[in-house]
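Have a look at the structure below before the remarks.
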Amino acid sequence: QVQLVESGGGSVQSGGSLRLSCAASRVTGTIYSMAWFRQAPGKEREGVAAINDGGSSIYANSLKGRFAISRDNAKNTLSLQMNSLKPEDTAMYYCAAGPVFRLLAAEYNDWGQGAQVTVSS
């Protein structure tokens, strides 16, 4: 039901920064949990960060301190600020929305098309 569209992906050098954005449409009421996942070729989709409607956030342990998730409930947008990027961060990044607040892909109902992030050495 909810439509999600990512933007802001691209290519950066190691140590650089990117900000991903996700715009939600066809939203009725408030989305409980919004999250970012990523998937590299040959690997399973993994959780990056999630944020609930009250602004509480969770992160993958290895990413906390480098990445920051935020949302604007009035604008129905989600952002991910990515700093100190490393080549291993290279992946397709997906915006997701769902009724649970945890980093488990199977629990999310709606997904964006993905935004490619490539980090070169």
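The values are calculated or read from the model by the stated rules, or taken from the named source; none is laboratory data. In this text the structure is predicted, and so the values were computed from the model without any measurement. Cβ: placed from backbone, ideal geometry, glycine included. Neighbour counts: every protein chain shown. All accessible areas refer to the heavy atoms of the entire protein, side chains included, with ligands and DNA or RNA removed. Shrake-Rupley method; radii C 1.70, N 1.55, O 1.52, S 1.80 Å.
For the stretch 103-117, indicate whether the set of residues that are open to solvent by less than 40 Å² (accessible area, probe 1.4 Å), more than 20 Å from Gly9 (Cα to Cα) and either touching a His at 6+ places or on another chain (Cβ under 7 Å) or not charged (D, E, K, R) (or both) is non-empty. So far as the stretch 103-117 goes, yes, one or more of its residues are open to solvent by less than 40 Å² (accessible area, probe 1.4 Å), more than 20 Å from Gly9 (Cα to Cα) and either touching a His at 6+ places or on another chain (Cβ under 7 Å) or not charged (D, E, K, R) (or both).
So is Ser56 surrounded by fewer than 16 Cβ atoms within 10 Å (Cβ to Cβ) and hydroxyl-bearing (Ser, Thr, Tyr) or not? Full working, then the answer.
Working: surrounded by fewer than 16 Cβ atoms within 10 Å (Cβ to Cβ): yes; hydroxyl-bearing (Ser, Thr, Tyr): yes.
When the stated conditions are applied, Ser56 passes them.
The set of residues from the stretch 74-102 being within 11 Å of the chain's Cα centre (by Cα) and open to solvent by 50 Å² or more (accessible area, probe 1.4 Å) comprises just one member, Met92. Taken over the stretch 24-45, residues that are buried (at least 17 other Cβ atoms within 10 Å of the Cβ) and over 12 Å from the mean Cα position of the chain (by Cα) amount to 2. Exactly one residue out of Ser21, Ser11 is open to solvent by less than 60 Å² (accessible area, probe 1.4 Å) and assigned to a strand (DSSP E or B): that is Ser21. Residue count for the stretch 1-23 under the criterion of being more than 15 Å from the chain's Cα centre (by Cα) and more than 12 Å from Val117 (Cα to Cα): the result is 3.
Kindly indicate whether Ala35 is within 12 Å of Tyr94 (Cα to Cα), assigned to a strand (DSSP E or B) and at pLDDT 95 or above.
On the way: within 12 Å of Tyr94 (Cα to Cα): yes; assigned to a strand (DSSP E or B): yes; at pLDDT 95 or above: yes.
Yes, satisfied.
Taken over the stretch 48-58, residues that are farther than 14 Å from Asp89 by Cβ and part of a strand (DSSP E or B) amount to 5. For the stretch 59-73, filtered to residues that are open to solvent by less than 40 Å² (accessible area, probe 1.4 Å) and assigned to a loop (DSSP other than H, G, I, E, B), the residue that is nearest to Arg26 (Cα to Cα) is Ala60.
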